[in-house]
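The values are calculated or read from the model by the stated rules, or taken from the named source; none is laboratory data. Fair warning: this is a prediction, and the values are worked out from it, not measured in the lab. Heads up, the Cβs are rebuilt from the backbone with ideal geometry, glycines too, and the neighbour counts pull from every protein chain shown. Heavy atoms of the whole protein, side chains included, go into the accessibility calculation; ligands, DNA and RNA do not. Shrake-Rupley method; radii C 1.70, N 1.55, O 1.52, S 1.80 Å.
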Amino acid sequence: MSSTSDPITIKKYANRRLYNTGTSTYVTLEDLAAMVKKGEDFHVVDAKTGDDITHQVLTQIIFEQENKGQNLLPITFLRQLIRFYGDSVQSFVPKYLELSMGALTRDQDKMRATLGAFGGASFQNAVEEQMRVNATIMERAFRMFTAFPGQAEPTAAEPAAPRSEDKTVGELDELRKEMAEMRARLDKVASGKA
């Protein structure tokens, strides 16, 4: 981690060179990637305009890593992400991804330990199954927002039907029950009792 609480300033010049003001040296995108992996906080500014361009530079680092064959982002995910641009739920996507990545980051040590104890394939299958369950729960939660009159049109799979308040409360209770079961399964997998 950085020794100070303030993020390091990286200046990007017109010639595309990056200058680390903390170490007074020029750095590369690979150097910035290493800083991210170490947990060092920095922001990147355009040296001429002073505009914060951290987002663009971090995206460029991901692009470079993907070009090296280290594909973390599946094609399906990339297509779905592109579809969210300009969509009415676009504003929810960054927070959802941030929370999801935060949960993965918090639990990565548990996952590594379990991978070592049970072997990669069996644990990976359990994690994938849990992710499918999570996706189903999220889908149902989003449908709860469209359960109220005037919010959204029903899909072909879900014909329009009058919804009572009791039915909505029942769905919430069912969702809570599924989330509790999911937590129990995750705890079981994390504790090595899978």
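For this structure, a couple of remarks:
- Odd one out for G50 among (1) surrounded by 14 or more Cβ atoms within 10 Å (Cβ to Cβ); (2) over 24 Å from N134 (Cβ atoms): (1)
- Subset of region 15-47 [of a type in the set (D, E, K, R) and either open to solvent by less than 70 Å² (accessible area, probe 1.4 Å) or farther than 25 Å from L78 by Cα (or both)]: R16, R17, D31, K38, E40, D41, D46
- Meets criteria (at pLDDT 90 or above and closer than 27 Å to A126 by Cβ) for R79: yes
- Note on region 64-85: residues that are open to solvent by less than 70 Å² (accessible area, probe 1.4 Å) and either touching a residue at least 40 places away in the same chain (Cβ under 8 Å) or in a loop (DSSP other than H, G, I, E, B) (or both) total 2.
Each row is one residue, and each column tells you yes or no for (1) at pLDDT below 55; (2) open to solvent by 60 Å² or more (accessible area, probe 1.4 Å).
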| site | (1), (2) |
| --- | --- |
| E128 | no, yes |
| R132 | no, yes |
| F145 | no, yes |
| E158 | yes, yes |
| L175 | no, no |
| K188 | no, yes |
